[in-house]
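Read through the structure below, which is laid out as structure tokens, and then see the notes.
The values are calculated or read from the model by the stated rules, or taken from the named source; none is laboratory data. All figures in this text were calculated on a predicted structure; none of them were measured in a lab. Please note: Cβ atoms are built from the backbone with ideal geometry, for glycine as well, and neighbour counts cover all protein chains shown. The protein model used for the area step is the full one, side chains on, heavy atoms only, and it has no ligands, DNA or RNA in it. Shrake-Rupley method; radii C 1.70, N 1.55, O 1.52, S 1.80 Å.
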Amino acid sequence: MKIPTFVLASASPARRSLLESAGIKAVICPSDFDEGQIKMRDATKLVQVLAEGKADAVAHFLRANSHPQVPNPQSCLVLGCDSILVVDGEIHGKPKDTEEAISRWKQMRGKVGELYTGHALIDTRFDNLDEAMDRSIVRCQVTKVYFAEVTSRQIAAYVATGEPLQCAGCFALEGKGGFFVEKIEGCHTNVIGLSLPLLRQMLRELGYDVADFWS
């Protein structure tokens with residue numbers, strides 16, 4: 001079986017880096033999916049719908065447009081992901097500005113949050129056929145994050161770096177934000193942007209071996 005082109009429907013440097021470090025060189029094709037149109041209070045459903053929307057938008061784009069790194073749009077695996085953080089029952093995405101980031105961290109410090117990441121994997125070889133539902137998988141991974149009792153000075157300094165403004169949950173585990181996380185329970189790569197163990201399982205469900213994608 002010929003291995004399809006692996007496409008990441010995201011501009012996230014963290015997700016790209018995760019895949020590359022795990023041996024998968026993905027074609028980067030950010031989605032133009034409008035996340036603002038989706039309003040849900042169920043965290044699991046929200047990230048799954050957002051991830052599927054991103055993956056589906058890119059799959060449709062590739063079928064309608066040429067891409068220099070995608071020789072055959074009918075032979076692709078398109079991965080879409082979306083992450084949110086839930087603290088005290090409240091859903092958080094990326095902070096809109098520094099003020100929100102500082103306020104968020106003052107709420108988060110010393111507490112336990114749950115990082116939800118939706119994963120949608122579409123096999124475009126079957127996407128136009130009747131069995132398409134059997135070749136498209138949507139899953140969610142949840143990881144508990146224990147935040148340290150950081151000081152207000154540390155919060156201000158961290159937000160000033162600009163790092164938390166680019167991250168769902170207002171922190172980057174693989175960056176400076178790692179200093180402010182006491183521990184995690186569950187998949188650590190999920191906190192960075194996508195769960196590698198879950199991706200392995202999803203590939204297996206679609207009939208692939210993750211080792212076949214190692215570059």
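Details
- For segment 111-215, diffusion coefficient by Stokes-Einstein and Kirkwood Rh (Cα), 10 °C, 1.306 mPa s, µm²/s: 101
- Note that segment 166-176 has calculated 3J(HN,Hα) couplings of 9, 10, 5, x, 6, 7, 10, 4, 7, x, 5 Hz, one per residue in order, obtained from phi through the Karplus relation 6.51 cos²θ - 1.76 cosθ + 1.60 (θ = phi - 60°); glycine and proline are x.
- For segment 143-215, with +1 on Lys and Arg beta carbons and -1 on Asp and Glu, the positive-most of Asn190, Gly175, Val159 along the dipole: Val159
- Near Thr151: Cβ cut-off under 12 Å, other residues only, Lys/Arg at +1 and Asp/Glu at -1. The net charge is +2.
- Rolling a 1.4 Å probe over the protein heavy atoms gives the chain an accessible area of 50 Å² per residue.
- Segment 46-85 - Kirkwood radius from inverse mean 1/r over Cα pairs (Å): 10.9
- DSSP H segments from the chain that extend 27 Å or more along their own axis, Cα-based, with Kyte-Doolittle mean of -0.5 or above: 43-64
- Rg ratio (alpha-carbon, reference 2.2 N^0.38 Å) - the chain: 1.04
- The orientation-averaged projected area of the convex hull spanned by the Cα atoms of segment 10-126 comes to 8.8 nm².
- Reachable lysines from Lys111, criterion Cα separation under 26 angstrom, eight or more residues apart if same chain: Lys39, Lys45, Lys94, Lys96, Lys144, Lys176, Lys183
- Residues of type aspartates and glutamates that Lys2 reaches as a straight line, Cα spacing below 16 Å, ignoring anything fewer than 8 places off in the same chain: Asp123, Asp209, Asp212
- Each 5 Å bin from zero holds the following percent of Cα-Cα pairs in segment 59-127: 3, 13, 18, 14, 9, 9, 10, 11, 9, 3.
- Computed about its Cα centre, the charge dipole of the chain is approximately 440 debye, with only Lys, Arg, Asp and Glu carrying charge at their Cβ.
- Lys/Arg +1, Asp/Glu -1 at C-beta; segment 1-116 dipole; positive extreme among Leu85, Gln37, Ala11: Ala11
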